[in-house]
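Single-structure report; data block below.
The values are calculated or read from the model by the stated rules, or taken from the named source; none is laboratory data. These numbers were taken from a predicted model, which means no experiment stands behind them. Cβ: placed from backbone, ideal geometry, glycine included. Neighbour counts: every protein chain shown. These area figures cover heavy atoms from the full protein model, side chains too; ligands, DNA and RNA do not enter into them. Shrake-Rupley method; radii C 1.70, N 1.55, O 1.52, S 1.80 Å.
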Amino acid sequence: MSRLFLSPPDVGPRERELLLDAFDSNWIAPLGPHVDAFERELAAFVGVVDAAALSSGTAALHLALVLLGVGAGDDVLVPSLTFAATSNAVTYVGAHPVFLDSEWSTWNLDPALVEEELDARASAGRPQPAAVIVVDLYGQCASWDPILEVCQRHGVPVIEDAAEALGATYKGRAAGSFGALNVFSFNGNKVMTTSGGGMLAGDDAALIARTRHLATQARDPAPHYEHSEIGFNYRMSNLLAALGRAQLEGLPQKVARRRAINAQYRAAFAEAPGIGFLPNAPDGEPTNWLTVITLDDPTPVREHLESLDIEARPAWKPMHLQPVFAQCAMRGGAVAEEIFERGLCLPSGSSMTDADVARVVEAVAEAC
Ligand SMILES: Cc1ncc(COP(=O)(O)O)c(C=O)c1O
């Protein structure tokens, strides 16, 4: 039996067709018509004005902070329960991550803690953070209404890290449309992939135009190479954008399959004592990018799955527990710590067959 991966790429003939189209047209580099089309199509899918295709989600996070003017010495609020890229980007601009705990209902940033932090700063006369990065973890939207309300009240701009959530909704609105700037990732393990890539999207067309400028070494219009500010080499290639267009066409089916897999796991473990799940919050429809179960001790289960060539992974280790961020401020922490101690991500890729899901279910049941 072949190895079952957590979330492998799911590609087919359409990907091959568009990739060969890009290749045969000789638009290998730089940029090209597939990049322009991918940007338009993603912006339309999410319902925002414009989007810039970039080399990674991390590059998109970095540029979002640069574009909002976040700089040395600023504070940026970040959920502790996330992938390191979210908080790494804060340090690239010389700012300090201030970590906040998650809420149980979504496992995302706790709106009550955002309010506590911003209110406390206001009443102490301390500067507000330069931005808040809100993550839609594991393909599920954060509690957007209360978060946006409190951030607006205190005049703090919001960046949405929807790297894991393209295709999810909150109250009918698409993930990746809530921030002043919105980040997507198309790395190899996401619901859709360009092998590596990202997008920065938003409703402010001028900011997205500036994203393209900064991402192409901030080259000024002139026949020679003229630069009046520091830029980056962060654009996506035409070949990868061709792959992305084909993946985006198939995204609804990929999301539907991940939801079906999640439902199969839930049904299989409904009566199993001691197995819980990342909740599907009532305010939205997640993509179920990864199905995450909770157990008293996930380690022996993970090791048993590994012995059967099934990849499973602990939930994200919170940033406030990472040695590299040990000096950073943290508000709360018990929720993120418990999720890390008890969470286990199961294979969830959209190319899994029902038999694959049954193989995982059987292995988990044996180990339990
Ligand atoms: C929450 C989150 N933010 C940011 C990123 C970074 O994206 P990339 O790997 O495309 O740089 C990822 C994925 O890797 C992620 O899961």
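General observations
- Within the accessible area of the chain (1.4 Å probe), percent carbon and sulfur: 55
- Among G125, G332, G71, residue whose mean-square fluctuation peaks in a GNM of the chain (springs only between Cα atoms under 10 Å): G125
- Placing +1 on the Cβ of every Lys and Arg and -1 on the Cβ of every Asp and Glu, with no other charges, gives the chain a dipole of roughly 540 debye about its Cα centre.
- Nearest-0.05 FRET efficiency for S195 and Q253, computed from C-beta distance (R0 22 Å): 0.65
- Overall form of segment 277-333 per C-alpha gyration tensor (a/c, 1.5; a/b vs b/c): oblate
- When the chain is described by a simple charge dipole with +1 on each Lys and Arg Cβ and -1 on each Asp and Glu Cβ, the residue from H96, A246, L148 located farthest towards its positive end is A246.
- From most to least packed by mean Cβ count within 10 Å, the peptides 35-43, 296-304 give 35-43, 296-304.
- Under 5 Å from the amide H of T291 lie the amide H atoms of L346, each residue being 5 or more positions distant or on a separate chain, with H modelled from the backbone and absent for Pro and chain starts.
- For segment 199-349: accessible area per residue (Å², 1.4 Å): 46
- Partners for K190 among lysines (Cα-Cα distance below 16 Å; same-chain residues under 8 apart left out): K254
- Contact order for the chain, expressed relative to its length and based on alpha carbon pairs under 8 Å spaced 6+ residues apart, stands at 24 percent.
- Extension gain, T216-F23: 0.36 nm per intervening residue step, less the Cα-Cα distance, totals 67.3 nm.
- Take every DSSP beta bridge whose two residues both sit in the chain; close to 60 percent of them are antiparallel.
- Solvent-accessible surface of segment 1-73, averaged per residue with a 1.4 angstrom probe and all protein chains in place: 49 square angstrom.
- Hydrodynamic radius of segment 240-368 by the Kirkwood approach over all distinct alpha-carbon pairs: 16.3 Å.
- Cα-projected label distance for D145 with S228, points at 7 Å along beta-carbon direction, nm: 4.6
- For the pair E116 and S351, label points projected 7 Å from Cα toward Cβ lie 4.5 nm apart.
- Once the 1.4 Å probe is applied to the protein heavy atoms, segment 75-195 comes out at 28 Å² accessible per residue.
- Under the convention that each Lys and Arg Cβ holds +1 and each Asp and Glu Cβ holds -1, the size of the dipole of segment 1-47 around its Cα centre is about 220 debye.
- Extension gain for A263 to Y92 (0.36 nm times residue separation, less C-alpha to C-alpha distance): 57.6 nm.
- In terms of the mean number of neighbouring beta-carbon atoms within 10 Å, the peptides 213-223, 356-366, 134-144, 278-288 order highest first as 134-144, 278-288, 356-366, 213-223.
- Shape analysis of the chain places it in the oblate category; the axes a ≥ b ≥ c from the Cα gyration tensor give an a/c of at least 1.5, with a/b not above b/c.
- Trypsin sites (Lys or Arg not before Pro) lying in DSSP loop within segment 153-211, provided at most 16 other Cβ fall within 10 Å: K171
- Extension gain, D36-A334: 0.36 nm per intervening residue step, less the Cα-Cα distance, totals 102.8 nm.
- Ranking P300, A281, A270 by Cα position along the charge dipole of segment 218-368, where only Lys, Arg, Asp and Glu carry charges on their C-beta atoms, puts A281 farthest toward the positive end.
- Shape analysis of segment 1-139 places it in the prolate category; the axes a ≥ b ≥ c from the Cα gyration tensor give an a/c of at least 1.5, with a/b above b/c.
- In a reduced charge model with +1 at each Lys and Arg Cβ and -1 at each Asp and Glu Cβ, segment 263-367 shows a dipole moment near 400 debye about its Cα centre.
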